[in-house]
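The values are calculated or read from the model by the stated rules, or taken from the named source; none is laboratory data. Worth saying up front: this structure is predicted, and the values here are computed from it rather than measured. Positions of Cβ are generated from backbone atoms using ideal geometry, with glycine treated the same way; all protein chains shown enter the neighbour counts. With ligands, DNA and RNA removed, areas are computed over all heavy atoms of the protein, side chains included. Shrake-Rupley method; radii C 1.70, N 1.55, O 1.52, S 1.80 Å.
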Amino acid sequence: MHKLRYNAQIEAVWDSLADQARHELDEALHKVCLDPYNTTEAHPTDGPVKRILTLQHTAVTLLVIGPPIERVYIRTLDALHS
């Protein structure tokens, strides 16, 4: 299982999300930590390390570091408004 890492700015955005969006993100990121390559899409220009997760309420850019370190870093978190 990959460990999730993010900075204070990401945490502030995450905390500001509506309950439904935060719940959706929590569940999705748990799945990402279990299997980052099958739960995200490769970034079009940055190969397998930079990944994209698009949900109903949020869009996330991730950096996935494989074995032996196994980390998932949230680089950007954007709330999607419909």
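Residue selection: E24 fails the criterion of being loosely packed, with under 12 Cβ neighbours inside 10 Å, touching a residue at least 12 places away in the same chain (Cβ under 8 Å), touching a Ser or Thr at 6+ places or on another chain (Cβ under 9 Å) and of a type outside the set (F, W, Y).
Please work out which residue is farthest from the chain's Cα centre (by Cα), limiting yourself to the stretch 1-21 and to residues that are of a type outside the set (A, V, I, L, M, F, W, C) and crowded, with 16+ Cβ neighbours inside 10 Å. Applying the filter and picking the extreme gives H2.
Note on the stretch 30-60: among residues that are at pLDDT 95 or above, of a type in the set (V, I, T) and over 8 Å from the mean Cα position of the chain (by Cα), the one that is most open to solvent (accessible area, probe 1.4 Å) is T54.
Any idea which residue in the stretch 61-75 is farthest from Q9 (Cα to Cα), counting only those that are of a type in the set (A, V, I, L, M) and surrounded by 13 or more Cβ atoms within 10 Å (Cβ to Cβ)? This residue is I65.
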